[in-house]
Amino acid sequence: MQTTKIQEVPFCWPQGFKSDGIHTGLKKATDQLDFGWLYSAIPAQAAGMYTTNRFCAAPTAITKQLINKQQQLQAIIMNSAIANSCTGTTGEANVHQEQKLVAQKLKINSNLVGVASTGLIGSQLPMSKITAGINKLQLTTNTKVTQAILTTDTHAKKISLQFKLANQLCTISGFAKGSGMIAPNMATMLGFVTTDVAVAPNVLQPLLSKLTDKTFNQITVDGDTSTNDMVVVLANGQAGNSPLTEAAPDWSIFTAALHQVLAFLAQQIAGDGEGATKLLEVNVNHAATESEGQQVAKALVGSNLVKAAFFGADPNWGRIISTLGMTNAQFNPQQIDLAFNEFQILIASQPQEFERKAVIASLKQNKIKISLDLHAGNASGQAWGCDLTYDYVKINATYSS
């Protein structure tokens, strides 16, 4: 992939996009934003990935239906605090009402309005507050919507990149929320990516599906899955480039930019896991297949014993080996190499001498890299997670209180 032409810039909206974020009373604290929207000046090509939980929340299910049917959206209305999940026909009716109200205000078709919610499961949306919020929202260039979707997150997760396609300056910007219930695939997260790149019909969805498998589907915090997960990409073509297809010379540049945005947001979510103090990155090399490499990497960042060990900066490599041994991946148990950051722990499954104090000091950093070589093939895998802390239990013991 061509990455040298891609430059990170201060967060901004691509051409043709507007947004806003406000407090409309869904959260108790008046200084916390809880409602927002995203708008494109014209209908944008749309692609999405969604929760695998069988209890799929009404906003997620309805937005999925819209995108699958027409592959276009022009606006997305979103809220935090209340998930509008397990709310029956009333919850569905409220989603349709949100679409109608947004469409009337923006003077667009309601079928071009996506809806996203995150928060507590089982509560109905207070539609009087939702209606008041829609009336209050404006079309601005501010980035407050990146704050309005947060729940237990400690900060907004956002990134903007710029690059040129056929001498046309293009921008791609993404933002997300997610802090707990981040498995097996995406989980309690919302992610939105906007770009002014022109993309031909029917190519964005396959690309997003492929890249999600390598990014959002390779993070975990606690092994639980939410009902509201959604990642949506909108491409409105306002940069003026010729619509991209997979055969286009610049396709690799756009693919690299989208991959960089998704990977960044995925790592931000993993590193901001509920109560987390450290980001864990696992790199698996020389796996028999890519799927096995991904499986092993995901298993390691998902192990509570592994996560707890790294919280305590404990170089207990036995937990890595035991977790690896529970996977179905192909490898010779006598030929495993393992490293923590820059320290080699195992070579050919034989423990190496290392300065314990130095390794412990290394494991106290806020990012830890675990490198595992299976010597089973030429494939690789990568995943991200976080440590398991006392605060994780505290946060989740009082979430609905």
Exercise. Can you work out which of the residues in the stretch 320-364 that are farther than 20 Å from A297 by Cα and of a type in the set (S, T, N, Q) is nearest to the chain's Cα centre (by Cα)?
Key: S362
Self-check item: Test: E246 is surrounded by fewer than 21 Cβ atoms within 10 Å (Cβ to Cβ) and more than 30 Å from K357 (Cβ to Cβ)
Solution: yes
Quiz item: Can you find even one residue in the stretch 135-144 that is touching a residue at least 40 places away in the same chain (Cβ under 8 Å), open to solvent by less than 10 Å² (accessible area, probe 1.4 Å) and closer than 29 Å to I253 by Cβ?
Solution: no
Practice problem: Output the residues belonging to the stretch 150-164 that are open to solvent by less than 10 Å² (accessible area, probe 1.4 Å) and at pLDDT 95 or above. | Solution: I159, S160, L161, F163
Quiz item: In the stretch 72-96, which residues are in a helix (DSSP H, G or I), surrounded by fewer than 17 Cβ atoms within 10 Å (Cβ to Cβ) and of a type outside the set (D, E, K, R)?
Solution: G88, T89, T90, A93, H96
Exercise. Inspect all residues belonging to the stretch 292-306 and state whether any of them is in a helix (DSSP H, G or I) and over 29 Å from the mean Cα position of the chain (by Cα).
Key: no
Practice problem: Hand me the list of helices (runs of 4 or more DSSP H) wholly inside the stretch 317-401 holding 2 or more residues that are open to solvent by less than 20 Å² (accessible area, probe 1.4 Å) and under 26 Å from A266 (Cα atoms). | Solution: 318-325
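The values are calculated or read from the model by the stated rules, or taken from the named source; none is laboratory data. Only a predicted model underlies this, so the values are computations on that prediction, with no experimental measurement involved. Cβ sites come from the backbone with ideal geometry, for glycine too, and all protein chains shown count toward neighbours. Protein only, heavy atoms only, side chains kept; ligands, DNA and RNA dropped before computing areas. Shrake-Rupley method; radii C 1.70, N 1.55, O 1.52, S 1.80 Å.
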